[in-house]
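Have a look at the structure below before the remarks.
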Amino acid sequence: MVGRQTLVDVVLVVVAVGFGLFILIPTIDMHSRTALILDVGLGTAACGSLAVRRRFPTTVAAFAVAASAVSASAAGASLVALFTAAIRVRTPAITALTAAELIATFCFPLMYPEPAGFSYRTQILMGSLMNLGVVGWGLMVRAQRNYLRAVLDRAHDLEAGQELLAATVRDQERRRIAREMHDALAHRLSLLSVHAGALQFRSDLPADQIRSMAAIIRQTSHDALGDLQDVIGILRDGPTSDGSLLEPRVGLDDLSALIDESRRSGTEVNVDQNIDNATGTPRNAAAAATAYRIVQEGLTNARKHAPRSPVRIVVRSHEAGELAVTVSTFLDPRPAPVSVIPGTGTGLSGLNERVSLLGGTFSSGKVAHQFVVTARLPWGS
C-alpha cells in the first residue's frame, strides 16, 4: 500500500512537471536546440530535486528558484520547492527565497518576451501573484501545523497533569485513611493491651473487677473491629457520604468519654477545658476532630511509654480565633521500662500533618520532666 507521504510526493512532482510544460510550450519556438535541451535539463533536475525537499528545503528551493530564472520547465518545481520552504524554514530564509523568486519572475520574461501574447507587465504581475500566493499558502499551512502541535502538546500536558493530580489525590486519600486508622485503632488496641496485661499478671483481682475489665476488653474489641470494617469498606468501595472516615466523626463533645476510658485503664488524667461554642466557622468541625485526635494520641502514648505517669490535658478557645490543645505527660526521672505495647512511630508526624492542613501549628517534645504535645488550630472569632 502506497504511503500518504509518497503519494503526496508523486502528485507534487506531476504538478511541477505539468506546470513546467505549460510554461515551456508557448516558448519552444523561441528556444534554440541547445537552449531547449538546457531548459529541459534544468527543469528535470529541479523536478528531481523535489524528492529530497523535506530534508534540504532551503537548498532545493534555492536551486529550483535559480533554475526558473532561465528555464521555463523549472517554473513548477520552483513553486513546489518554495511552498515546502515556506512550511519548514525560518522566516529570514523564506524571505530571501521569496525575494529571489520575484527577481527570477522579472528575469524570465526578458529572455522570452510575450509568449502566447502576454505582455511583459502581465507576465510579471501573474508570476508575482502566483509566487506570493504559494508562499502565503505555505505559511498558512505552517501556522496550522504549529497550532495543531501546540494543541496536542497542551492536551498531552493536561493529560499528564490530570494523571499527576489523580495520583496525588489517591496518595492524599491513602494518607488520610492511614492516619485515621492509626489514630482509632492504636488507641483501642493500647487499651486492650493494658487490660489484658492486668488480667494476665493480676491473679488476685476481685471477680467483679475481672468481669468489668473483660467487658471493657469485649467492647473495645468490638469498637476496633467496627473501625477496621469502616477502613476496609472505604478501601474496597471508596468513601461514602454517610460516616466516611474522611469526614470528622469525633469532636470535643467526645473528649469526656475518651478521658473516662483512659481513667478506667488506670491512667491519672487531669483536665482543664474551656471552650466558647457561641461562635464558629465551617472549619470548627475539622479543628474539633483534630483536637480530639491530639488528646487521643497523647493518652495512647502515655499508656505505651509512661503507663504510671499522670497526664494533664488543656483545651481552650481564645479570642484570637484559635483553639489551643496541650497534652502533658509527667515522666518519671528514673529510666523508664521498655514498652510492651509496640508502636508505629507515625502518630505524632500524622498529627503534625493534620494540623498543617488546617493552617495551624504543632510541636512535640520533652520539656523538663514532661513530654508535651501542643497545637494551635483555627477556631473562629
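Overview of results
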quantity: 3J(HN,Hα) from dihedral phi, region 252-263, Karplus parametrisation 6.51/-1.76/1.60, rounded to Hz, x for glycine, proline; calculated: 5, 5, 8, 5, 4, 5, 4, 5, 4, 4, 5, 5
quantity: Least to most buried among E353, E101, E261 (fewest other Cβ within 10 Å first); calculated: E353, E261, E101
quantity: Residue-wise HN-Hα coupling along region 354-368, computed from phi with Karplus coefficients 6.51, -1.76, 1.60 (Hz; x: Gly, Pro); calculated: 4, 5, 4, 5, 8, x, x, 10, 9, 8, 8, x, 7, 10, 6
quantity: Contact order normalised by residue count of region 1-150, Cα under 8 Å, 6+ apart, percent; calculated: 23 percent
quantity: Hz values of 3J(HN,Hα) by residue in region 85-91 - Karplus curve (6.51, -1.76, 1.60), Gly and Pro given as x; calculated: 5, 4, 7, 10, 9, 6, 4
quantity: Length added when fully stretched, Q229-R264, from 0.36 nm per residue minus Cα-Cα; calculated: 10.0 nm
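The numbers here are math on the coordinates, done by the rules we state, and not lab data. These figures come from a predicted structure and were not determined experimentally. Heads up, the Cβs are rebuilt from the backbone with ideal geometry, glycines too, and the neighbour counts pull from every protein chain shown.
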